[in-house]
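Just below is one structure, and these are the notes that go with it.
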Amino acid sequence: MSDAHPVARWDTDFDVLDPAYVNDPFAIWDQLRRSCPVAHTDRRGSTWLPTRYRDVVDLAHDIDHFSSEQISVIPFEGGPRDEPVLAYGLPPISADPPLHTWTRRLLLPWFSHRRVESYEPLTRRLCADLVAGFADQGTADAAAGYAQQIPVRVIASILGVPSELSDTFTGWVRDVLEFADDPERRQHGAEALVGYFGAEVEKRSAEPGDDLLSDLLHSEFDGAPVERSVVLGIAALVLIAGVDTTWSAIGSSLWHLATHPEDRARLASDPAAMPLAVEELLRAYSPVTMARVVTGDVEFRGCPMKAGDKVLMNFPGANRDPEMFDDADRVVLDRELNRHVAFGSGIHRCAGSNLARMELRVALEEWLARIPEFRLADGAEVTWAGGQVRGPRSIPVVFP
Ligand code: HEM
């Protein structure tokens with residue numbers, strides 16, 4: 001469990017689960033960039049935290065020294081049954097080449113521009129139905145009642161599993177990511193996910209469908225069918241990577257609009273502003289931090305990193321670096337120069353970025369079409385989750 005005493009020094013003893021970091025990491029990164037751009041902690045094992053854009057990108061590209069075999073920001077400290085749930089982990093995200101290369105190739109066609117266009121009508125219907133459910137009530141929870149409901153249903157339809165189980169899937173994904181600091185809960189989520197997909201794989205081998213799971217099961221590598229545990233790992237990854245991440249991005253964007261009336265009015269009245277706005281909201285509120293494990297002793301920017309140390313791929317912090325972005329801490333909806341790394345950089349760059357962008361755009365479009373004016377409810381308590389994925393879990397809003 002977490003080493004929960006409050007942080008006094010962010011440069012030598014940071015804690016990404018400290019409420020100060022979860023609620024407002026931006027000022028902490030600013031301070032670190034100026035005083036100690038690669039911070040360190042011994043909480044949950046020796047771990048480094050870069051805060052500059054250039055450093056994060058360089059780390060992401062150095063796959064020889066920084067391996068993806070351990071990508072959890074919160075290390076697994078042993079649950080009731082301390083054994084790996086999947087022999088090959090969650091490829092491609094938790095793999096280095098060569099396993100990474102061919103498993104990523106299996107997945108990419110499902111998230112191409114053209115495929116993603118075919119998921120748009122379903123996404124739009126889903127968003128419109130959700131908004132219709134509360135638009136006349138004058139109040140809603142933009143996170144739990146809207147953002148959280150969208151990506152899981154889209155992913156379920158791509159995987160070919162019933163969207164009626166969405167709440168169950170969401171619960172498992174939260175166990176694995178949001179409650180990663182609770183070994184029992186984390187193990188329960190991982191086992192439930194793998195158990196469920198294991199049974200679904202059995203069904204598909206007898207009766208293939210027109211879905212990602214069937215496609216994986218019937219694909220080949222090096223002339224042989226892909227092993228079951230690899231199929232399971234990829235399927236579990238798609239659910240884990242495709243749910244919490246995008247829901248957090250949608251939620252943060254709605255939170256921003258609820259608290260910045262001029263940006264809300266601009267987007268509501270000018271749909272052409274949406275594409276640049278989506279990129280800017282992704283930059284400013286990047287939800288995903290990943291980890292790497294150091295493969296052998298190495299010095300990086302003067303820091304003596306040891307084999308087995310963790311390095312946090314602070315993509316959200318990189319996106320707030322003033323060396324890279326003018327006025328980095330301000331949301332500029334029509335920012336044109338925006339080479340953000342919300343989706344990572346290098347060989348592990350997000351395989352689902354087309355889908356994530358479409359979902360975020362459609363979710364905002366459908367909300368603003370029905371509810372162009374909204375703000376936080378008086379005395380609203382907005383709660384944030386952090387760690388691997390940062391995003392709001394409750395955003396009480398009101399509207400006329
Ligand atoms: C706003 C939403 C999303 C964000 C911010 C995001 C972010 C990221 C990041 C930062 C990585 C790089 C990981 C690393 O360097 O270790 C990544 C990888 C990945 N993401 Fe996403 N993601 C999002 C949505 C999605 C969706 C909807 C899917 C759908 C399946 C998805 C699937 C993946 C996969 C499969 C990988 C692994 C790629 C590889 O290792 O080659 N992501 N994502």
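Numerical summary
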| quantity | calculated |
| --- | --- |
| Where a label projected 7 Å from the Cα of residue 262 along Cα→Cβ would reach, residues of the stretch 273-287 with amide N under 17 Å | 277, 281 |
| Shape call, the stretch 295-338: gyration tensor on alpha carbons, a/c limit 1.5 | prolate |
| Range of Cα positions in the stretch 219-341 per principal axis (Å), largest first | 54, 44, 23 |
| Phi to ³J(HN,Hα) by Karplus 6.51 cos²θ - 1.76 cosθ + 1.60 over the stretch 309-324, Hz, x for Gly, Pro | 5, 9, 10, 8, 7, 7, 4, x, x, 4, 6, 10, 6, x, 5, 9 |
| Average accessible surface area per residue within the stretch 216-302, 1.4 Å rolling probe, Å² | 34 |
| Percent RCO, i.e. relative contact order, over the chain, from Cα pairs under 8 Å lying at least 6 residues apart | 26 |
| Selection from 315, 274, 338 lying farthest towards where the dipole of the stretch 261-339 points positive, charges on Cβ | 315 |
| Long-range tail of P(r) for the stretch 260-400 (Cα pairs > 25 Å, %) | 39 |
| Stokes-Einstein D (µm²/s) once Rh is taken as the Kirkwood radius of the stretch 1-148 over alpha-carbon pairs, at 20 °C in 1.002 mPa s | 109 |
| Cβ-defined net charge surrounding residue 200, 12 Å radius [Lys, Arg +1; Asp, Glu -1] | 0 |
| Dipole magnitude of the stretch 178-228 about its Cα centre (Cβ charges: Lys, Arg +1; Asp, Glu -1), debye to nearest 20 | 140 |
| Rg to Rh, two decimals, where the stretch 162-232 supplies the alpha carbon set and Rh follows Kirkwood | 1.06 |
| The stretch 1-50: radius of gyration over Cα atoms, expressed as a fraction of 2.2 N^0.38 Å | 1.04 |
| Dipole in debye (nearest 20) - the chain, about Cα centre, beta carbon charges: Lys, Arg +1; Asp, Glu -1 | 480 |
| Listed residues 99, 209, 123: farthest to the positive end of the dipole of the stretch 96-231 (Cβ charges) | 123 |
| For the chain, built as a Gaussian network whose Cα springs stay under 10 Å, the top-fluctuating residue of 189, 296, 379 | 379 |
| Size descriptor, Kirkwood hydrodynamic radius, that averages inverse alpha-carbon separations across the stretch 115-207, Å | 15.0 |
| Candidates 134, 343, 179: whichever shows maximal mean-square fluctuation once the chain is modelled as a Gaussian network with Cα springs under 10 Å | 134 |
| At 1.306 mPa s and 10 °C, Stokes D of the chain from Kirkwood alpha-carbon radius, µm² per second | 73 |
| The stretch 32-112: mean projected area of Cα convex hull, nm² | 7.6 |
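The values are calculated or read from the model by the stated rules, or taken from the named source; none is laboratory data. From a predicted model like this one, the values you see are computed outputs, not experimental measurements. We place every Cβ from the backbone using ideal geometry, glycine too, and count neighbours over all the protein chains shown. SASA here: full protein model, heavy atoms, side chains in, ligands and nucleic acids out. Shrake-Rupley method; radii C 1.70, N 1.55, O 1.52, S 1.80 Å.
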